[in-house]
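Trainee: Right, I'll just put the structure down here and ask away after.
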Amino acid sequence: MQPLRRTFLRGSAASLLLPLLGTGLLRPGAVQAAPWQRDAFSATSTGAGLKALNIPLLSETRDIIVNAPEIAENGAKVDIEISSNLPNTRSLLLFADKNPLPLCAELEFGDNALPYAKIQIKLAESMRIRAVARTADGKNHVAFRDIKVTLSGC
């Protein structure tokens, strides 16, 4: 009974999607990810990563909230929450300064999206992490958080 049910479900799903493909309403090429920032993600220092992303100046702010443990028992999995209260935040970036490749994440948000992310990263040692928020007016803001690691993750 189970194989017959699976075959039926597969066939019915395909028959539902075929008319959408035929009319052009479902186009696989229309949904594409943003271009990958190879130079930024392969940079070996935070300064080089910021330069590759064309971020010349950063102003420190308290409007970016970084929620992370003060002491991480295992650097292989550190949970970090980032949110921005800055108006018109378009993207959030997360850097771990002493990691071999410091840029951990780049997240872009639409017009009405809440700039919030919960990320798990690896930390090589105790270090300062920085969250960078880019706003629609082209300004870049940063917030810092120091994390002590007892067991290295990299």
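Rule-based calculations on the coordinates, nothing more; no lab input. Model, not experiment: these values are computed from the prediction. Here the Cβ is made from the backbone with ideal geometry for all residues, glycine too, and neighbour counts use every protein chain on show.
Trainee: Cα-based Rg (one decimal) and Dmax (whole number) for the range 23-145, in Å?
Mentor: Over the range 23-145's Cα set, Rg and Dmax evaluate to 15.5, 55 Å.
Trainee: Quick one: what are the phi-derived ³J(HN,Hα) couplings along the range 84-95, Karplus 6.51/-1.76/1.60 with θ = phi - 60°, whole Hz, x for glycine and proline?
Mentor: Rounded to whole hertz, the list is 10, 9, 6, x, 6, 6, 9, 8, 10, 10, 10, 10.
Trainee: While we're on this one: How much length would be gained if the chain were fully extended between Asp137 and Arg6, taking 0.36 nm per residue of separation minus their Cα-Cα distance, in nm to one decimal?
Mentor: 42.0 nm is the gain from fully extending Asp137 to Arg6.
Trainee: Which loop-located trypsin sites (Lys or Arg not before Pro) does the range 31-99 contain, where loop means any DSSP state but H, G, I, E or B and the Cβ has at most 14 other Cβ atoms within 10 Å?
Mentor: Qualifying residues, ordered by number: Arg62, Lys77.
Trainee: Want the number for Glu73 to Glu60: 0.36 nm per residue separation, take away the alpha-carbon distance, what's left?
Mentor: The Glu73-Glu60 span can extend by a further 1.9 nm.
Trainee: Separate question: Cross-link candidates for Lys122: which aspartates and glutamates have Cα within less than 16 Å, leaving aside residues fewer than 8 places away along the same chain?
Mentor: In chain and number order, the partners are Glu70, Glu73, Asp79, Glu81, Asp97, Glu106, Asp146.
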